[in-house]
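To start, the structure itself, in structure tokens.
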Protein chains: 2
Amino acid sequence: MGKIEGIANQANRCARCRASVRSVCSLTDCAIHSDIAALSGRRLVAAGQTILANGGQAALVGTVLAGILKVSKTLPDGRERIVSLLYPGDFFGQLFTASMDFAVEAATDAELCVADRLRYESVIRRHPILEHAILQSTSRALAVARESALLLSCLNSLERVATYLLVTTGRRDHLLQEAKLQTSHSVAALGISRADVASYLGTTIETISRHLHYLEDKGVILILDSSHFEVLDRDRLQTIAGVSDDDLRLFMPAELTRTSESRHLQTAIVLPLHRSK
Amino acid sequence: MGKIEGIANQANRCARCRASVRSVCSLTDCAIHSDIAALSGRRLVAAGQTILANGGQAALVGTVLAGILKVSKTLPDGRERIVSLLYPGDFFGQLFTASMDFAVEAATDAELCVADRLRYESVIRRHPILEHAILQSTSRALAVARESALLLSCLNSLERVATYLLVTTGRRDHLLQEAKLQTSHSVAALGISRADVASYLGTTIETISRHLHYLEDKGVILILDSSHFEVLDRDRLQTIAGVSDDDLRLFMPAELTRTSESRHLQTAIVLPLHRSK
DNA sequence: CGATGGTTTGAATGCTGTCAAAATGTGTGG
DNA sequence: CCACACATTTTGACAGCATTCAAACCATCG
């Protein structure tokens with residue numbers, strides 16, 4: 001598998017993987033990484049591309065290296081909803097099942113680390129610690145999904161829009177903070193298309209538009225362009241959202257959510273890909 | 001640990017546990033059961049009792065033996081929602097985290113198998129296969145949570161009520177089927193209080209009442225009493241619900257959802273407790 | 001029998017989706 | 001650089017579902 005240069009506190013990197021990534025990949029055991037590296041490969045996907053189809057074969061699993069994936073499902077009558085967004089470091093796919101319960105698509109251009117599901121499972125059998133990492137990841141995803149369900153049915157659409165702005169700015173601030181970058185004013189970037197935000201928040205693009213302009217009128221945010229907003233009054237935004245810090249924390253990058261006892265900690269920032277032209 | 005009598009196809013039973021239960025408990029390795037039995041105990045809880053408080057210590061984990069638990073959370077302003085219901089065989093609690101992200105309460109009188117979380121974690125470290133079983137359980141819970149989110153935001157309240165009726169009858173039919181009991185007509189029992197159903201479906205008791213009577217007017221169901229309904233026309237009920245069989249299957253008992261590759265299969269029926277008086 | 005808790009029914013309000021049109025932005029080709 | 005087509009966003013008007021509040025109804029129980 002070639003030499004591993006540097007190492008020490010870089011054991012988190014898969015031998016052949018340039019990007020440093022969180023969660024499942026940040027295990028400290030080098031043997032696992034050789035095993036995984038042997039069967040996984042990087043893959044670039046364009047925005048809108050389907051990675052795993054709902055009801056289709058659960059052929060592969062992987063980790064997001066850059067970009068954002070959406071987990072979605074369509075009802076018999078065509079209504080569709082995004083039930084989850086996956087960010088760099090997040091695990092995707094379904095283990096130990098033949099077919100997919102949901103679809104996984106690229107919400108933006110993205111870079112993935114993918115592996116054949118069956119072969120990945122055999123690595124898991126050899127390395128129980130890997131199953132532990134995946135359990136951690138899945139537990140977190142479960143908490144996020146339940147929190148989403150809570151916000152979806154308890155909050156009205158204005159509160160949901162405000163919450164989404166808080167979450168995106170929160171994620172951005174945390175990433176910048178890890179990179180030791182100071183930022184005077186916080187900017188919210190939607191990250192995904194307006195239509196996807198609407199689907200994710202369980203509302204429409206018209207309603208989102210109205211609420212964004214309402215927030216600007218109230219002096220809470222400043223609309224920079226159709227997908228970038230400066231948060232002028234974070235406290236008021238949170239008051240409008242009606243959620244607590246605890247509610248928001250669940251949506252922050254993984255290593256910040258576990259208050260203790262996480263066996264592996266690793267900080268890293270993954271730069272977004274530029275749009276393929 | 002005493003002798004284990006009978007055994008053979010009863011390896012699924014914890015040595016000291018009279019109830020036979022699915023999922024995590026139905027592993028075939030006897031050594032695990034000795035270990036778990038040594039640190040777990042049965043516990044009866046009355047309806048309404050809190051087992052784990054939101055934000056409180058994640059002191060214990062366990063399995064539902066009988067009854068129904070609810071996983072819920074309350075927003076800063078007091079709005080509350082049930083994000084998940086747990087049935088016999090389901091695992092509850094949070095592993096590897098110090099504090100709870102949600103509350104776990106008894107929706108009905110219930111019987112539990114509980115264990116100290118930290119000690120349970122040490123058993124997991126000794127028996128990786130147990131971690132596998134928990135990962136399976138958590139993955140399923142994740143799929144259910146996402147499916148709930150989908151139904152919650154795509155379906156209107158009539159459709160959600162219809163879906164709930166389909167799920168409860170479906171669960172009942174499957175349990176009876178496992179017990180080799182034939183049933184001529186299918187009956188839906190809410191199982192939990194009307195208020196809890198409302199919270200779970202993200203609506204109000206008034207709306208539920210209206211829809212139930214609407215369904216009776218249309219001849220789709222027959223109201224036996226305020227919490228029991230006979231389904232007269234299952235197909236029409238499903239048409240009204242607007243969901244596919246696939247959507248419903250996720251909510252059925254565990255051993256029926258995994259289409260393949262599940263390492264452990266066990267059928268059992270757990271009788272509901274009578275109300276404590 | 002009155003009291004209590006849960007359920008049903010009614011009327012009114014309001015949020016949010018829908019449809020449609022205007023406005024803005026983006027990219028292409030002349 | 002401009003003109004045009006196309007996509008996205010914004011704005012407006014309207015309708016409908018569902019919540020809210022309130023009152024009536026019904027059950028069980030002391």
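Each reported figure results from applying straightforward, stated rules to the coordinates on display, with no laboratory input. Source: prediction; values computed, not measured. Note that each Cβ is placed from the backbone with ideal geometry, even for glycine, and that neighbours are counted across all protein chains shown.
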Measuring from its Cα centre, segment B:156-242 shows a charge dipole (+1 at each Lys and Arg Cβ, -1 at each Asp and Glu Cβ) which, in debye to the nearest 20, is 140
Going fewest to most other Cβ atoms within 10 Å around each Cβ, A:M100, B:M252 line up as B:M252, A:M100
Residues other than B:V187 with Cβ under 10 Å of its Cβ, Lys/Arg counted +1 and Asp/Glu -1, net out at -1
For A:G41, inter-copy label-point distances (7 Å, Cα→Cβ), nm, shortest first, read 5.7
Counting other chain Cβ atoms within 10 Å of each Cβ in A:126-134 and taking the mean gives 3
Per-residue average of other protein chain Cβ atoms inside 10 Å, peptide A:99-109 -> 2
Taking the label point 7 Å from Cα along the Cα-Cβ vector, the copy-to-copy distances for B:G78, listed from shortest in nm with one decimal, are 4.3
If labels are modelled 7 Å from Cα along the Cβ direction, A:D233 lies from its partners in the other copies at nm distances, smallest first, of 5.4
Averaged over the residues of B:82-89, the number of partner chain Cβ atoms within 10 Å of each residue's own Cβ comes to 2
